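Q: My structure is below; once you've seen it, I'll send some questions.
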Number of protein chains: 2
Amino acid sequence: MNKRFGLPPGFRLGIIGGGQLARMSAYEAFRLGIHTGAVCSTSGKDPMEQVTPVIFRGDVSDYDTLMKLAEWADVITLENEFLDGEVLERVQRDSGKPVYPSPKSFKLIESKRLEKETFRDAGIPVADFVVVESVAALQKTGARLGWPFILKSSKGGYDGYGNAVVSNQAEAEAAFRKFGGESGREVIAEEMVDFTKELAVMVARNAHGMVSYPCCETIQHHHICAKVLAPAPISRSLRDECVSLAEKAIQAIDGIGLFGFEFFLTKDNELLLNESAPRPHNSGHFSMEACSVSQFETHVRAVCGLPLAKPVMRYPAAVMINLLGKFNGPAELTLPDSESAHEEVHLHVYGKAESRLGRKMGHITVLGNNLENTLVTADRIEQATIL
Amino acid sequence: MNKRFGLPPGFRLGIIGGGQLARMSAYEAFRLGIHTGAVCSTSGKDPMEQVTPVIFRGDVSDYDTLMKLAEWADVITLENEFLDGEVLERVQRDSGKPVYPSPKSFKLIESKRLEKETFRDAGIPVADFVVVESVAALQKTGARLGWPFILKSSKGGYDGYGNAVVSNQAEAEAAFRKFGGESGREVIAEEMVDFTKELAVMVARNAHGMVSYPCCETIQHHHICAKVLAPAPISRSLRDECVSLAEKAIQAIDGIGLFGFEFFLTKDNELLLNESAPRPHNSGHFSMEACSVSQFETHVRAVCGLPLAKPVMRYPAAVMINLLGKFNGPAELTLPDSESAHEEVHLHVYGKAESRLGRKMGHITVLGNNLENTLVTADRIEQATIL
């Protein structure tokens with residue numbers, strides 16, 4: 001209690017991006033008295049539009065737009081990784097405003113190749129992979145990784161876009177061309193991992209220290225996060241190991257801010273780091289109510305240089321289910337009358353004007369005493385909620 | 001789970017007032033995907049200014065300003081009671097947009113006289129009082145209520161302003177004149193209640209039902225709420241009785257929305273309803289983290305016609321301490337490094353540009369396993385936090 005920290009009056013946080021992650025970070029910034037501005041698309045329909053008067057419209061990788069944000073803000077952060085590390089670096093240098101996570105960290109994980117090399121070099125297990133230089137190299141790749149393997153666009157892929165499982169030379173060639181491999185875009189090939197679960201850990205770090213969230217299980221449908229179970233229903237020692245690897249990973253990139261790390265748990269109980277995200281993450285939404293401090297408050301604290309609080313689970317079990325669009329059209333919300341008599345049920349709606357089949361429109365989090373019952377309640381409520 | 005309720009796309013909540021209560025309600029509206037607009041003062045410095053692009057500047061009792069809000073909003077609510085019930089009624093009628101709490105309910109508690117008459121007529125115990133018509137009546141008032149007694153401006157008093165304890169005829173005459181009694185402003189006289197504690201209960205009600213928050217103790221310094229202890233350290237049966245009286249009170253005014261009810265606990269363990277507030281209340285801030293659903297979410301749900309969830313305490317004890325301005329000048333925040341190793345500590349800063357001695361700048365809530373320890377931690381953190 002000796003050292004003290006603070007914020008000057010009217011401290012301003014600039015967020016590159018105007019989606020739901022920016023919006024949920026903004027709620028927590030507001031709660032700490034921090035002003036928030038954001039770079040939003042020109043559509044005028046981004047979730048951030050409704051929650052702050054300070055909007056800079058343009059592309060998230062456009063230097064001039066980012067400079068306008070930087071001129072306004074005291075510190076800058078981001079809500080997605082589809083940015084240009086070089087542009088971030090120029091904006092930080094030319095504006096003199098700090099960007100967290102730093103462009104230096106960002107560049108170490110900017111492409112899937114760099115990300116995997118960075119973590120592998122730090123001694124963190126990752127799935128075997130090679131860079132594919134040409135169509136001609138695909139046969140050799142298959143021989144090394146075994147068929148089928150996965151081809152990935154090194155940059156810009158998300159939620160399954162830019163990924164393809166290929167079983168033979170013809171499929172591999174088609175995917176390689178689709179991902180622009182012949183036009184010089186980087187494509188990597190990765191071994192198929194026979195995993196039993198996918199896990200995730202959120203970690204935050206700044207000059208005050210490092211804090212981690214409980215290891216959770218993420219369940220994907222069609223490559224999109226559908227559900228998250230916290231804590232992950234695996235042994236405590238495996239969860240601890242997963243958290244340790246995530247902490248090793250954030251240190252490997254000297255990360256300042258909040259990062260999400262996704263892991264495969266193989267059938268041999270081996271953990272492989274799969275992906276990282278330099279921002280709040282869908283797998284951490286459960287923390288908003290399940291933990292003593294939400295990932296969004298921790299994000300804001302980490303990038304604004306405030307002390308971090310250790311997140312503790314308030315309940316033995318939490319289940320987060322994404323509310324994915326159930327129709328195409330204006331986003332009308334229908335919810336059940338009686339949510340749950342026994343568990344805590346929390347609804348989050350992102351304020352998107354239009355619903356589309358499968359679009360992330362919101363999420364629900366249910367807190368309870370055991371995962372099994374909590375999951376039953378969560379499923380029931382998700383089914384009764386239309387958005 | 002048979003009945004279903006919902007919100008049309010882009011549902012808009014208009015709040016009359018731009019202070020911290022509006023701001024904290026807005027956070028919860030945003031989380032439910034509800035757009036929020038507010039009537040703010042012309043200063044441009046209200047806490048709401050930073051959290052929504054939809055601001056209508058003007059006086060909260062100005063018909064034209066409220067009509068602009070009503071034109072934009074789907075439903076209207078308020079954040080303080082210093083409004084004109086007649087104007088609210090005209091706005092509701094002329095705009096066709098519902099106002100909750102309704103002008104009808106509002107008018108039953110619009111002045112201290114009406115409020116006390118309404119609750120007394122409903123069989124809810126209140127302190128003895130009389131309307132003072134003239135200076136000449138003061139002596140008779142003293143004879144009935146006993147000296148000293150309290151003189152109150154019937155309208156517009158808050159945090160001790162508009163209240164005076166008077167011990168003799170000279171003091172009584174001075175206060176009566178100060179409150180405008182001679183110019184026709186209504187002044188009431190109230191007996192001094194020998195209370196041991198002040199208690200408060202938040203209750204919400206709409207077509208879906210009624211829910212209540214735990215009875216808490218409020219501790220005032222210089223007539224301003226300083227601390228809140230939840231649950232109130234009194235017997236369970238007294239807490240239950242207090243909740244019952246609050247529920248009787250909201251029904252007595254057919255209240256739709258969220259109401260705060262303040263009580264005196266006399267040394268004979270008698271409960272007297274002291275004041276009501278048709279809005280979120282300082283005594284309910286602890287609910288933001290201490291309960292399964294915060295008073296602000298319940299406020300939004302109640303006025304937007306959504307189902308209400310029963311608030312349950314997550315921890316055995318919660319202490320809320322207001323962060324009252326410790327200096328005059330730009331609102332720089334200084335906070336301790338390590339907040340607490342054992343309890344949950346939550347910081348709220350209202351985004352006011354200027355600090356002033358004693359001004360409500362924010363609050364902290366500490367959650368723990370017993371009130372005594374939690375209070376020690378909360379006091380320590382409040383002392384180390386400067387705002």
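Q: Among A:A230, A:A189, A:A246, which one shows the highest mean-square fluctuation when chain A is modelled as a Gaussian network with alpha-carbon springs under 10 Å?
A: Looking only at A:A230, A:A189, A:A246, the largest GNM fluctuation is found for A:A189.
Q: Within the range B:213-229, what residues put their amide N at less than 15 Å from the label point 7 Å along the Cα-to-Cβ vector of B:L357?
A: B:222
Q: How much length is gained if the chain between B:R185 and B:S43 is pulled fully straight, taking 0.36 nm per residue apart and subtracting their Cα-Cα distance, in nm to one decimal? Can you show the working numbers first?
A: Working: separation 142, 0.36 × 142 = 51.12 nm, distance 2.84 nm.
Full extension from B:R185 to B:S43 adds 48.3 nm.
Q: Further question on the same structure: Need one number: nm distance between label points at A:S237 and B:N369, each 7 Å from Cα along Cα→Cβ, rounded to one decimal.
A: The modelled label-to-label distance comes out at 2.8 nm.
Q: Quick check on the range A:195-384: what does the Kirkwood estimate of hydrodynamic radius come out to from the alpha carbon pairs, in Å?
A: Details: mean 1/r = 0.0588 Å⁻¹.
Across the range A:195-384, the inverse of the average 1/r is 17.0 Å.
Q: So, one more: Please compute the volume of the convex hull spanned by the alpha-carbon atoms of the range B:12-100 and report it per residue in Å³. Each step should come with its number before you reach the end.
A: Working: hull volume 6.9 nm³, N = 89.
Given the Cα convex hull of the range B:12-100, per-residue volume reads 77 Å³.
Q: Between chains A and B there is a rotation axis; tell me the chain A residue with the nearest beta carbon and how many whole Å away it sits.
A: Result for the A and B rotation: A:P53, 2.
Q: If you take the beta carbon distance between B:V312 and B:A207 as r and set R0 to 30 Å, what does 1/(1 + (r/R0)^6) give as a FRET efficiency, to the nearest 0.05? Can you show the working numbers first?
A: Working: r = 22 Å, r/R0 = 0.75.
It comes out at approximately 0.85.
Q: In this model, which of B:K104/B:K326; A:K45/A:K116; A:K227/B:K68; A:K178/A:K360; A:K352/B:K68 are farther than 31 Å apart at the alpha-carbon?
A: Working: B:K104/B:K326 40 Å; A:K45/A:K116 35 Å; A:K227/B:K68 42 Å; A:K178/A:K360 26 Å; A:K352/B:K68 25 Å.
Check vs 31 Å cut-off fails for B:K104/B:K326; A:K45/A:K116; A:K227/B:K68.
Q: May I pose another question? Assuming 0.692 mPa s and 37 °C, estimate D for the protein assembly as shown with Stokes-Einstein, Rh taken as the Kirkwood radius over Cα pairs, in µm²/s. Provide the component values of the computation, followed by the final result.
A: Working: Rh = 27.9 Å.
D = 118 µm²/s.
Q: Subtracting the Cα-Cα distance from 0.36 nm times the residue separation, let me have the gained length for A:A143 to A:H222 in nm, one decimal.
A: On the way: separation 79, 0.36 × 79 = 28.44 nm, distance 2.75 nm.
Full extension of this stretch gives 25.7 nm more.
Q: Indicate, rounded to the nearest 5 percent, the antiparallel portion of the DSSP beta bridges found entirely in chain A. Don't jump to the answer; show the numbers that get you there.
A: On the way: 64 of 78 bridges.
If we restrict to bridges inside chain A, about 80 percent are antiparallel.
Q: Could you calculate the FRET efficiency of A:M192 with B:A384 from 1/(1 + (r/R0)^6), where r is the beta carbon distance between them and R0 is 51 Å, rounded to 0.05? Walk me through the numbers before you get to the answer.
A: Working: r = 54 Å, r/R0 = 1.06.
With R0 = 51 Å, the Cβ-Cβ based efficiency is 0.40.
Q: What's the long-distance tail for the range B:319-366, i.e. % of Cα pairs beyond 17 Å?
A: Working: 389 of 1128 pairs.
In whole percent, the share of Cα-Cα pairs in the range B:319-366 beyond 17 Å is 34.
Q: Simple spin-label model, 7 Å along Cα-to-Cβ: A:N328 to A:E71 in nm?
A: Here the answer is 4.1 nm between the modelled labels.
Q: Which residues in the range B:14-48 have a backbone N closer than 19 Å to a point placed 7 Å from the Cα of B:D94 along the Cα-to-Cβ line?
A: B:14-17, B:38-40, by backbone N distance to the label point.
Q: Taking the Cα centroid of the range A:57-81 and of the range B:166-222, what is the distance between the two, rounded to the nearest whole Å?
A: 50
Q: Tell me, rounded to the nearest percent, the portion of alpha carbon pairs in chain A spaced more than 32 Å apart. Let's see the in-between values first.
A: Numbers: 25822 of 74691 pairs.
When every Cα pair of chain A is considered, 35 percent fall beyond 32 Å.
Q: Taking A:D254 in one copy and the same position in all the others, each labelled 7 Å out along Cα→Cβ, what are the pairwise distances from the first, in nm, shortest first?
A: 6.9
Q: Over all directions, what mean area does the Cα convex hull of the range A:128-191 project, stated in square nanometres? All intermediate terms of the calculation are to be shown ahead of the outcome.
A: Details: hull surface 14.4 nm².
The Cα convex hull of the range A:128-191, projected and averaged over all directions, gives 3.6 nm².
Q: In chain B, what cysteines have no partner Cβ closer than 4.7 Å?
A: B:C40, B:C216, B:C225, B:C291, B:C304
Q: Quick one: what does P(r) look like for the range A:234-280 with 10 Å bins over all Cα pairs, in whole %?
A: Cα pair-distance distribution for the range A:234-280, in percent: 26, 54, 20, 1.
Read-outs throughout are calculated quantities, based only on the coordinates presented, and are distinct from any laboratory measurement. Nothing here was measured: the structure is a model prediction, and the numbers come from that model. All Cβ positions, glycine included, derive from the backbone under ideal geometry; neighbour counts span all protein chains shown.
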